[in-house]
Amino acid sequence: MAGVADAAASAAAAAGSGGNGRRGGSPEQQDSGRGEPKTLWGSSEPRPPGTGPGQPSPQQRTETLGFYESDWGRKKKRNLSDLSLLRFISAELTRGYLLEHNEAKYTERRERVYTCMRIPKELEKLMFFGIFLCLDAFLYIFTLLPLRVFLAMFRFITLPCYGLRDRRLLQPAQVCDILKGVILVICYFMMHYVDYSMMYHLIRGQSVIKLYIIYNMLEVADRLISSFGQDILDALYWTATEPKERKRAHIGVIPHFFMAVLYVFLHAILVMVQATTLNVAFNSHNKSLLTIMMSNNFVEIKGSVFKKFEKNNLFQMSNSDIKERFTNYVLLLIVCLRNMEQFSWNPDHLWVLFPDVCMVVASEIAVDIVKHAFITKFNDITADVYSEYRASLAFDLVSSRQKNAYTDYSDSVSRRMGFIPLPLAVLLIRVITSSIKVQGVLAYVCVVLFYCGLISLKVLNSIVLLGKSCQYVKEAKMEEKLFNPVLTATPGKPAGKQRGMFKSSQGISTDEDGSTSVTNQPVHMKDNMPSLLVTSNSDQFLTTPDGEEKDISQDSSELKHRSSKKDLLEIDRFTICGNRID
């Protein structure tokens with residue numbers, strides 16, 4: 001046992017001395033204990049002669065800018081040497097990529113290009129249709145309105161001969177026609193007190209920059225006064241034709257009539273100043289004012305393109321462009337008449353005015369195309385939306401021909417586009433009567449023939465427009481709305497009145513005074529039920545009982561599908577859609 005203890009103690013001492021030697025020994029001895037001896041510079045080979053401890057081997061490290069690089073640096077340099085300039089140029093010339101990896105993106109970009117290419121055609125089709133709608137409403141003032149006023153006056157005079165068969169002396173449409181005719185005649189005579197020549201020389205004496213500012217102010221004033229003027233005319237028509245059994249809630253017909261006369265007279269003067277400013281621009285020697293006025297159209301692109309638009313906003317802008325283009329055509333006609341009168345109707349002077357007229361028209365068309373193309377591009381609106389706009393305008397024309405129409409077509413155009421023909425007609429009559437002198441029997445015969453030609457043009461235009469409108473309504477599948485009128489929630493009306501409106505859709509219209517009248521329009525109840533629902537979430541919350549919430553949720557998809565077309569029929573020129581009016 002003593003021998004075994006001595007052997008164990010000697011072995012432990014040997015192990016302790018060996019561990020201390022490895023910890024305190026040289027690095028060579030430490031590495032030798034791990035198996036393979038290593039030198040100071042990291043290799044297993046012995047140090048070359050002439051190199052001391054801590055000095056690199058010249059065979060393994062080369063000096064570069066005063067530093068020695070290691071083996072991995074030499075390998076990296078060898079790899080970089082393969083990337084020569086020729087190899088880089090070759091790679092740039094031969095490298096490829098696949099567009100099909102992002103097919104959806106490039107397909108969308110291609111469709112945008114196709115949409116921009118389709119915009120001029122679709123826009124001009126809408127403009128062409130809208131301009132003829134404005135022309136139809138404008139010719140109505142000169143052709144059919146005098147005949148309708150004559151028939152209404154004849155009925156009023158001969159009423160005692162036939163007896164009082166009706167509670168009304170005249171029909172509401174006849175009352176409105178007489179009011180329009182009287183306003184037209186009164187404003188025409190009032191325009192004789194406005195001196196056109198004095199206004200022309202007063203405007204011509206101003207500087208170019210002042211005229212530019214005046215013209216811009218006139219455009220803004222025209223939009224503002226048009227929005228308020230149509231309300232004045234509608235208030236007059238409703239006040240004059242409102243059933244007398246109701247409680248009087250207005251100031252009377254006479255104050256409304258004087259307000260309407262004042263509006264038409266002021267608006268006619270405003271348009272007259274616009275025409276005079278354009279005439280000064282045409283007759284200026286250096287054409288600087290005309291150039292500035294044309295450049296004002298391109299400023300309109302900046303104010304419209306880089307703003308968010310929805311379909312309803314674009315519809316308002318399209319109606320505004322139609323009205324603006326037609327108004328410019330009438331202003332150019334007035335300018336040509338005044339200039340031809342000054343040059344004694346010399347046909348050679350007409351060719352002098354022709355380039356300037358074409359320049360104004362071409363700039364207007366180019367600005368509209370560029371503006372609508374980029375608006376549809378930035379807001380992801382397809383070109384098919386203009387077909388919907390055209391169908392909405394056609395729906396107004398077709399619905400005004402129904403037996404249960406609630407307004408005249410010229411008034412619906414005024415509300416939809418903001419085009420009010422009365423002030424423009426007063427100014428044009430004033431300019432024509434002052435520019436053309438009618439003397440002799442032959443001259444009056446020519447006037448009668450010209451009036452018959454205007455009537456023929458109006459009738460032909462109305463027939464063609466009605467046919468096209470029916471075609472557009474059928475293509476848009478809007479025929480059912482002619483027989484199933486969409487009932488919208490009217491603010492301030494109780495539920496009983498809404499139920500009365502619902503009865504009228506069945507063929508029996510119940511007035512508030514208790515009288516009933518039968519209409520001839522067929523109505524299908526089942527098809528008309530979804531249109532009675534209110535699309536607004538707030539209105540659903542306020543007016544819908546709890547038991548009908550499931551029905552609303554079931555029909556929500558159908559309402560969303562048809563909401564765009566419904567909204568277009570309810571939007572006029574001055575309805576606020578979103579955050580702007582255009």
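The values are calculated or read from the model by the stated rules, or taken from the named source; none is laboratory data. None of these values were measured; they are calculated from a predicted model. A quick note on method: Cβ atoms are made from the backbone with ideal geometry, for glycine too, and the neighbour counts reach across all protein chains shown. Keep in mind that these areas ignore ligands, DNA and RNA; they rest on the heavy atoms of the full protein, side chains included. Shrake-Rupley method; radii C 1.70, N 1.55, O 1.52, S 1.80 Å.
Nonpolar atom fraction for region 119-481, defined as the carbon and sulfur part of the 1.4 Å probe accessible area, stands at 70 percent.
Oblate is the label for region 119-481, because the ratio a/c of its alpha-carbon gyration tensor axes (a ≥ b ≥ c) is 1.5 or higher and a/b is not greater than b/c. Note on exposure: Met199, Met478, Met359 ranked by accessible area (1.4 Å probe, complete protein assembly) read Met359, Met199, Met478, with the most exposed listed first.
Heavy-atom accessible surface of Tyr196, to the nearest 10 Å², is about 20 Å², with a 1.4 Å probe and all protein chains retained.
Accessible area per residue for region 204-244 is 54 Å², calculated with a 1.4 Å probe on protein heavy atoms, without ligands, DNA or RNA. As a calculated quantity, the FRET efficiency between Met359 and Ala240 at R0 = 30 Å, using C-beta atoms, amounts to about 0.10. The gain in end-to-end length when the Ile301 to Met153 segment is fully stretched comes to 48.3 nm, 0.36 nm per residue minus the alpha carbon separation.
Of the chymotrypsin sites (Phe, Trp or Tyr not before Pro) found in region 299-367, those that fall in a DSSP loop while having at most 15 other beta-carbon atoms within 10 Å are Phe306, Phe343, Trp345.
What length, rounded to one decimal in nm, is gained on full extension from Glu103 through to Leu169, with 0.36 nm per residue of separation minus their alpha-carbon distance?
Details: separation 66, 0.36 × 66 = 23.76 nm, distance 7.11 nm.
Full extension of this stretch gives 16.7 nm more.
Among the listed pairs Lys308/Lys477; Lys180/Lys403; Lys125/Lys458, those whose Cα-Cα separation exceeds 27 Å are Lys308/Lys477.
Taking 0.36 nm per residue of sequence separation and removing the Cα-Cα distance, the Leu93/Arg118 pair yields an extension gain of 5.3 nm. The label-point distance for Cys470 and Thr291, in a model that sets each label 7 Å from Cα toward Cβ, rounds to 5.3 nm. Solvent exposure of Lys125, expressed as accessible area, is near 80 Å², computed with a probe of 1.4 Å over the protein chains only. Over region 177-327, Cα pairs under 8 Å with separation of 6+ residues give a relative contact order of 33 percent. Heavy atoms of the protein chains alone define the surface here; on that basis region 287-360 has 47 Å² accessible area per residue at 1.4 Å probe size.
The chymotrypsin sites (Phe, Trp or Tyr not before Pro) of region 386-415 that DSSP puts in a loop, and whose beta carbon has at most 16 other beta carbons within 10 Å, are Tyr406. Between Ser456 and Lys477, the FRET efficiency estimated from the beta carbon spacing at R0 = 30 angstrom works out to 0.30.
In this structure Met317 has an accessible area near 10 Å², from a 1.4 Å probe over the protein heavy atoms.
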